[in-house]
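Worksheet: one structure, shown below.
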Amino acid sequence: PAGPGSWEAALLGPVLQRAGCLQRCLGRRLLPAPSAHRASRAVRRDFERREPYNYLQVAFFQLKKLDQAVSAAHTFFVANPQHLQMREDIEKYQRMSGVKSDSFRDLEAMPHWEAYEAGVQHYNADEYLQAVARLEESLTEALSALEECRALCEGPWEDEDEEEEMQPGLYEAIAAHYIQVLKCRQQCVLEIATKPGRISATEDFIPSHLDLLQFAYNQAGNRTLAAECAASYLLFYPTDELMLEKMKQYRTELGEDTAVTARQDIQHYVQRSLMEKKLIYYSVEHLGETFNDPDLWTPDELIPENLKEKYREDQEKQKEETLDVEEREKRGPLPFEGIAVTMDSHQMNGTQRVVFDRVLTESECKDLLRLTKVRSGTSGDGYRARRSPHTPHERFEGLTVLKAMQLAQNGDVDWRDAKLLLQASEKSRKIIESYFTPGKKLHFSFTHLVCRTAIDGQQEGRMDLSHPVHADNCLLDPEGQECWKEPPAYVYRDYSGILYLNDDFQGGGLFFTEVDTVTVTAEVHPKCGRLVAFSSGKENPHGVWAVSRGRRCAIALWYTHSREHAEQERVKAEELLEQRAEEQDRLDGEKHQGTYHSSRSSSEPRVPSSGTKPANRRQKPGSDSKQHPKVLRARDEF
């Protein structure tokens with residue numbers, strides 16, 4: 001050191017000058033007291049969630065300013081698509097005669113997202129000149145938004161552990177605040193890459209621009225700018241073989257003497273980000289900080305060895321959880337005889353898809369269809385016909401396992417049919433578990449016997465679907481080619497199944513698509529006893545063709561590995577079935593004692609003692625009952 005304290009002055013002197021400059025600037029802009037304009041964390045969170053627009057739409061509506069009310073409501077709903085009350089308000093506004101369609105505008109729309117989605121649409125339509133214009137606009141706006149976000153990171157220190165008694169010293173406090181700012185700046189890329197209303201960010205948002213631009217410029221005939229974008233992309237992924245091959249091709253076409261360099265703004269972006277990452281990872285290794293790196297492109301050499309080891313362990317765990325489906329399919333036989341695998345993943349042009357036949361017999365399908373004949377107005381009825389939530393051209397009816405048991409308890413349906421619903425769904429669960437996840441328990445998430453009926457006189461010229469294309473545990477975003485695993489999606493669902501009960505209708509087939517929701521990859525035609533099963537994620541978007549005539553009935557099944565999300569209604573339904581079994585045992589016992597001497601003349605054949613279960617022994621739901629051989633039917637094979 002040149003002298004005592006000289007390095008401190010060199011380091012902190014400019015910091016003090018910058019603080020003074022900032023205070024003077026704030027004093028001029030935010031009279032009288034700058035500190036009065038600092039928002040609390042709760043207020044900032046409300047603004048991030050666009051909460052003020054929720055109040056604004058009510059105020060504008062009361063003032064009879066419909067245009068502003070609709071815009072405020074739409075702006076709030078874009079960022080809060082799971083808000084049910086606002087969803088209803090939006091639907092009401094859509095039905096109002098005085099509301100114009102262009103009133104539904106996002107007042108907080110991010111320019112880079114609008115440009116990006118338009119650019120991707122042009123790109124997918126092979127309109128490359130329009131694509132490069134919008135993608136360039138998106139990249140410029142995204143980098144600008146990134147700078148604004150980074151500037152806001154230089155706010156006051158936010159102590160995450162407010163209860164900590166021991167206050168840090170000078171250098172620890174400086175280091176902690178500085179690292180907090182750096183981590184905030186690093187997370188800014190996630191903020192600009194997250195579409196309003198989404199929780200998850202689009203991966204590699206900045207590099208993906210360069211990748212798309214490289215290809216679009218090349219298709220448009222501008223090799224110079226294509227090469228520049230390729231060189232910029234290689235700053236993120238320097239070993240990418242396809243892009244290196246492209247660069248070699250561009251150099252050949254442009255001439256070896258032509259200098260091809262990355263864009264200045266991208267060079268600055270990468271160099272600055274790497275410098276910040278280096279400091280953050282130092283603090284992780286030596287100061288006990290934590291860091292969730294938002295980038296996939298971070299060089300391996302920047303990450304400390306102990307973190308690399310943890311990363312490798314996480315990768316191995318993930319690899320084990322996503323074993324190749326073909327290997328899984330080889331494990332063990334199916335738990336029931338006579339069931340046939342009609343189509344596997346390969347035949348269905350996808351992954352984790354399968355179709356089984358002969359899961360139910362014709363008579364079992366007919367017995368289950370009897371449950372669907374209960375109509376509104378019947379005592380205890382829960383099977384109410386109404387317009388489908390997905391299309392106005394069909395009537396939708398649904399029955400849960402618990403409601404089936406309650407209807408049986410009230411005498412509205414046969415106990416044996418309600419019991420069969422439990423048994424058929426459990427049989428399906430065992431088949432799907434043994435096929436896809438042998439050794440790993442699948443729990444019911446929800447069981448629903450559903451019928452869709454075409455409404456007469458409303459089928460001509462129909463263009464919609466019975467059930468639009470969707471995935472079962474994430475929100476499909478066809479334009480972004482993503483599926484966001486976040487509420488209101490049922491993110492805990494792992495596998496899905498549909499057990500068909502009939503085929504005497506037109507339409508109603510199941511189809512799978514790519515993430516774009518329009519490229520159909522496979523179709524499944526319903527018939528009695530056919531079970532289609534598939535994993536619930538983005539790899540299996542699916543929909544249902546319109547039911548144009550007749551009535552389509554099936555048992556919809558969803559499963560989860562998560563015990564805490566297991567179907568509670570099923571537990572209650574099984575309890576009701578057990579109570580019924582115990583009551584039947586008791587009644588049979590009393591009847592047997594009362595009629596023992598006259599049993600030979602009775603019209604009921606006497607139950608052999610070897611087949612009779614003691615009255616005090618509880619019978620599990622779905623287990624075989626041998627008390628009444630007279631009424632045993634094919635369903636009891638379960």
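The values are calculated or read from the model by the stated rules, or taken from the named source; none is laboratory data. The model shown is predicted, which means the values in this text are computed figures rather than measured ones. In this analysis, Cβ positions are derived from the backbone assuming ideal geometry, glycine residues included, and neighbour counts consider all displayed protein chains. SASA here: full protein model, heavy atoms, side chains in, ligands and nucleic acids out. Shrake-Rupley method; radii C 1.70, N 1.55, O 1.52, S 1.80 Å.
Would you say K430 is touching a helix residue (DSSP H, G or I) at 6+ places or on another chain (Cβ under 9 Å) and not in a strand (DSSP E or B)? Considered against the rule, which asks whether it is touching a helix residue (DSSP H, G or I) at 6+ places or on another chain (Cβ under 9 Å) and not in a strand (DSSP E or B), K430 comes out as no.
Within region 62-73, the set of residues being farther than 17 Å from D102 by Cα and part of a helix (DSSP H, G or I) comprises Q62 only.
Filtered by the rule that a residue be open to solvent by less than 70 Å² (accessible area, probe 1.4 Å) and aliphatic (A, V, I, L, M), region 11-31 gives L12, A19, L26, L30. Would you confirm whether or not region 371-392 contains a residue that is modelled with pLDDT of 90 or more, open to solvent by 10 Å² or more (accessible area, probe 1.4 Å) and either assigned by the TED database to the domain that holds C528 or more than 27 Å from K430 (Cβ to Cβ) (or both)? No; the residues of region 371-392 include none that is modelled with pLDDT of 90 or more, open to solvent by 10 Å² or more (accessible area, probe 1.4 Å) and either assigned by the TED database to the domain that holds C528 or more than 27 Å from K430 (Cβ to Cβ) (or both). Screening region 412-447 for residues that are of a type in the set (A, V, I, L, M, F, W, C) and open to solvent by 30 Å² or more (accessible area, probe 1.4 Å) and picking the one that is farthest from the chain's Cα centre (by Cα) gives W415.
Checking each residue in region 498-517 for being aromatic (F, W, Y), touching a Phe, Trp or Tyr at 6+ places or on another chain (Cβ under 8 Å) and more than 16 Å from S536 (Cβ to Cβ) picks out only F511. Scanning region 282-300 for residues that are of a type outside the set (A, V, I, L, M, F, W, C) and either under 28 Å from A173 (Cα atoms) or crowded, with 17+ Cβ neighbours inside 10 Å (or both) yields Y282, S283, E285, H286, G288, E289, T290, N292, D293, P294, D295, T298. For region 401-410, the criterion of a residue being touching a residue at least 12 places away in the same chain (Cβ under 8 Å) and assigned to a loop (DSSP other than H, G, I, E, B) is satisfied by at least one position.
The C-beta contact set for region 255-282 (first residue among the hydrophobic types (A, V, I, L, M, F, W, C), second residue not in a helix (DSSP H, G or I), distance under 6 angstrom, 6+ apart or interchain) comprises I280/F291.
Restricting attention to region 514-552, the residues being in contact (Cβ under 8 Å) with a residue 24 or more places away in the chain, under 29 Å from K430 (Cβ atoms) and of a type outside the set (F, W, Y) number 23. Scanning for something open to solvent by 10 Å² or more (accessible area, probe 1.4 Å), over 18 Å from E426 (Cβ atoms), without any contact (Cβ under 8 Å) to a residue 60 or more places away in the chain and not in a strand (DSSP E or B), does region 565-581 turn up at least one residue? Yes: region 565-581 contains one or more residues that are open to solvent by 10 Å² or more (accessible area, probe 1.4 Å), over 18 Å from E426 (Cβ atoms), without any contact (Cβ under 8 Å) to a residue 60 or more places away in the chain and not in a strand (DSSP E or B). Within the set of pairs 6+ apart or on separate chains, which have a first residue in region 179-207 that is closer than 21 Å to R263 by Cβ, a second that is open to solvent by less than 10 Å² (accessible area, probe 1.4 Å) and part of a loop (DSSP other than H, G, I, E, B), and C-beta atoms under 6 Å apart? Here the result reads T202/A193; F205/A193, each pair linking region 179-207 to a residue that is open to solvent by less than 10 Å² (accessible area, probe 1.4 Å) and part of a loop (DSSP other than H, G, I, E, B).
Among the strands (runs of 3 or more DSSP E) confined to region 448-559, the ones with at least 2 residues that are open to solvent by 20 Å² or more (accessible area, probe 1.4 Å) and under 19 Å from E394 (Cβ atoms) are located at 467-470, 505-507.
Residue count for region 254-281 under the criterion of being open to solvent by 90 Å² or more (accessible area, probe 1.4 Å) and acidic (D, E): the result is 2. Being assigned to a helix (DSSP H, G or I), of a type in the set (S, T, Y) and within 25 Å of V270 (Cβ to Cβ) is the requirement here; does Y171 meet it? It is false that Y171 is assigned to a helix (DSSP H, G or I), of a type in the set (S, T, Y) and within 25 Å of V270 (Cβ to Cβ). Looking at E147, is it open to solvent by 60 Å² or more (accessible area, probe 1.4 Å), among the acidic types (D, E) and assigned to a helix (DSSP H, G or I)? Yes; evaluated as a whole, the condition is true for this residue.
Of all the numbered requirements in (1) surrounded by 21 or more Cβ atoms within 10 Å (Cβ to Cβ); (2) touching a Leu at 6+ places or on another chain (Cβ under 8 Å); (3) more than 21 Å from R493 (Cβ to Cβ), Q409 misses one, and that requirement is (1).
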